[in-house]
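Just below is one structure, and these are the notes that go with it.
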Amino acid sequence: MTEKKFDILIIGAGPGGYVAAIRAAQLGLKTAIVEREHLGGVCLNWGCIPTKALLRSAEVFEMIGHADQFGLSVEKPGFDLEKIVKRSRQIAGQLSKGVQFLLKKNKVQVIDGEGRLQKSTMAPIVIVKDKQNKETKYTAKHVILATGARARTLPAMGLEPDGKLIWTAREAMVPKAMPKSLLVIGSGAIGIEFASFYQSFGCKVTVVEMLDRVLPVEDEEISEFAHKAFTKQGMEIMTGAQVKAIVKEPNSVVAEIAMKDGKTKKLETERVILAIGIEANTDNIGLNKLGVKLDRGHVQVDQFSKTNVAGLYAIGDITAPPWLAHKASHEGVICVEKIAGENPHPLDHANIPGCTYCRPQIASVGLTEQQAKDKNIKIRVGRFPFIGNGKAIALGEAEGLIKTIFDAKTGELLGAHMVGTEVTELIAGFVIGRNLETTEAELLETVFAHPTLSEMMHESVLNAYGRGIHM
C-alpha cells in the first residue's frame, strides 16, 4: 500500500529536490518526492549534463582540426550529428536512472505525477494528479517546492519557440540537422554555450546581447577577453542591441535588430535560439490561494528556504538567483538539515561559483573588480595569462587569464575570475579558499604542483602582491 503521510514531501526531482530528498532520508525522515516528468529535472535531462556532452563532442572536433600542431595526421574530419545527439541523450538517460537508484537506495518514495498545494491548518496538503488524471491526497509535516524553471519567451515580439525555426535550449539540444546560420538571443551562460557548440561545427553564429557586453554577470575584463576570443573564432557579436521583431519564412527567420548606434539591421538566419532568461515554475501549483509571497514570479524565502507559509519551503530556480544546479542542491541540504534540528550554516551567495562551458571556458566566484570598487574597498588585483604557464602551452591551450581580487587592508580574497581551458575545474580551489576565509598569506605560502594549470592561480596571487615570478 502506498504511504500517504510523510515527514517531508518534495515537489520536483531536479538537482535541488532529489538531493534534498536523499539528505532528508539520511537524517531519518520519512520522505517522498513528486516528479511529473524525469528524475534529475531539467539540469540532468535537458540542461547541465547533456549540453556538456554536446560541448565535449565540439571540443574533440576542434582538437582534431588542429591535429597537425601536435604532429598528428587526420584526413577529412567530419561529424555525425545524429550520433552526437544520441550520445548526449544516452548520458542523460544513464544519469536519470542513477538518480532513481539513489532514491530507492535511500528509501525515498517516488510519486509519479504533477503536484499542487491545498491550504491546511498545518503544512499545505499536496494533491498529485497522475497521467490518468487520477488525484491523490498526500500530507507531510514539511513540504518543499523544487519545481524549477523554464525558458523565458516574449510572444508579443514573436519570440516564442515553435520547435522548428525558433528554439529554446531544449530544441537546440536535439537538432535534426546542423543549420548553416544561427541567431542566439542572449549572451548569458546558456546562449554562449550553444553559440560555441554550433560555431564549432561550422554554423555561422550571431549573438545579440541587449547589455553592453557579453556574459554581463562576469568581471568586465574577463568578459572583454571572451568577446575577443569568440570574435576570433568567427562569431558575430552585437552588444547593446535588441531584437525588436521576428518574421518567419518557410525555412528561415528574419530578425529586426535595433543596434546601439540607433540604426536598425535585418538579419536572416536558418534558426534562432532564445536564451533570454528563465521563468519560475510557480504557476498552477496553488501559491496564490496559500498567500505565498513572490518577487517577480520567484518565491521569497529566508536563509533556510522557509516561505511565509507555515510548513512550506522553496529551493532552487523558483527562488532568488543565482539560478544554478549546485546552488539548488546546497539549499536543499541546508533546508532539510534545519528541519531535522541540525545547525547548518546559511548559504553564502558570495561563495557560489559560476561556470560557463563555452570555448574558452569561464569561471568565477565572489566580487568582480567593479563590485569591489562600488563598495569603496581598496583592492589589490593580480593577473596571470595562460601564455606564461608551461602546462597550458604543452596542451596547446595558451589562451586565457586568471584574475584575483584582494582586500588591500585585510588580505581577504574578495573574488577570482578565470577564462581559459579547464577553469571550471580550477575555480573550486578559490571557492574552498573563500569558504575557509583564506587571506593572501595562506595562498602565497601554498605549494602548487608543477607542471599544472593550477600554478596560474598561485601566480595571480603573487602578482597581486608584487611577487610574480613567471611574468
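Between residue 310 and residue 220, the C-beta separation translates, for a Förster distance of 35 Å, into a calculated FRET efficiency of about 0.20. Here the label points at residue 296 and residue 157, each 7 Å from Cα along the C-beta direction, are separated by 1.5 nm in the simple model. Entry for the stretch 79-226 at q = 0.19 Å⁻¹: log10 I(q)/I(0) = -1.18, Debye formula applied to identical alpha-carbon scatterers, no solvent contribution.
Value of Rg to Rh for the stretch 159-237, rounded to two decimals, is 0.97; Kirkwood radius and Rg both from alpha-carbon coordinates. Only protein atoms count toward the accessible area here, which uses a 1.4 Å probe; on the stretch 189-320, the carbon and sulfur part of that area reaches 49 percent.
Rounded to the nearest 0.05, what FRET efficiency is calculated for residue 441 and residue 351 with R0 set to 25 Å and r the Cβ-Cβ distance? Between residue 441 and residue 351 the formula returns 0.80. Helical content alone sets the calculated 222 nm signal of the chain at -9500 deg cm²/dmol, taking -39,500 (n - 2.57) per DSSP H segment of four or more residues and averaging over every residue. Round to a whole angstrom and tell me the spacing of the C-alpha centers of the stretch 253-302 and the stretch 397-437. Their Cα centres are 31 Å away from one another. Remark on residue 468: its backbone amide H falls under 5 Å from those of 463, a criterion applied only to residues 5 or more positions apart or on other chains, H modelled at 1.01 Å from N. Extending 7 Å from Cα along the Cβ direction at residue 52 and again at residue 150 yields two label points whose distance is 2.7 nm.
With labels modelled as points extended 7 Å from the Cα through the Cβ direction, what inter-label distance (nm, one decimal) is found for residue 5 paired with residue 102? So the two model labels end up 3.1 nm from each other. Mean Kyte-Doolittle hydropathy of -0.5 or higher plus an axial Cα length of 27 Å or more: which whole DSSP H helices in the chain meet both? Span-like helices in the chain: 81-105.
Computed with a 1.4 Å probe on the full set of protein chains, the accessible area for residue 448 sits at about 50 Å². Stokes-Einstein at 4 °C, 1.567 mPa s, Kirkwood radius from Cα pairs: D for the stretch 246-318 in µm² s⁻¹? My calculation gives 81 µm²/s for D.
Probing with 1.4 Å while keeping every protein chain in the model, the per residue accessible area of the chain equals 49 Å². Note on residue 69/residue 121: beta-carbon distance plugged into 1/(1 + (r/R0)^6) with R0 of 51 Å gives a FRET efficiency of 0.15. Carbon-plus-sulfur accessible fraction, the stretch 1-137 (probe radius 1.4 Å, protein heavy atoms only): 52%. Normalised by 2.2 N^0.38 Å, with N the number of residues, the alpha-carbon radius of gyration of the chain equals 1.04. Computed with a 1.4 Å probe over protein heavy atoms only, the accessible area of residue 102 comes to about 60 Å².
Here is the P(r) of the stretch 278-343: all C-alpha pair distances, binned every 10 Å from 0, give 21, 54, 24, 1 in whole percents.
The values are calculated or read from the model by the stated rules, or taken from the named source; none is laboratory data. All values reported here derive from a predicted model rather than from experimental measurement. Glycine gets a Cβ as well: all are built from the backbone with ideal geometry, and neighbour counts include every protein chain shown. Ligands, DNA and RNA are stripped out before the accessible areas are found, and what is left, the full protein with its side chains, is counted by its heavy atoms. Shrake-Rupley method; radii C 1.70, N 1.55, O 1.52, S 1.80 Å.
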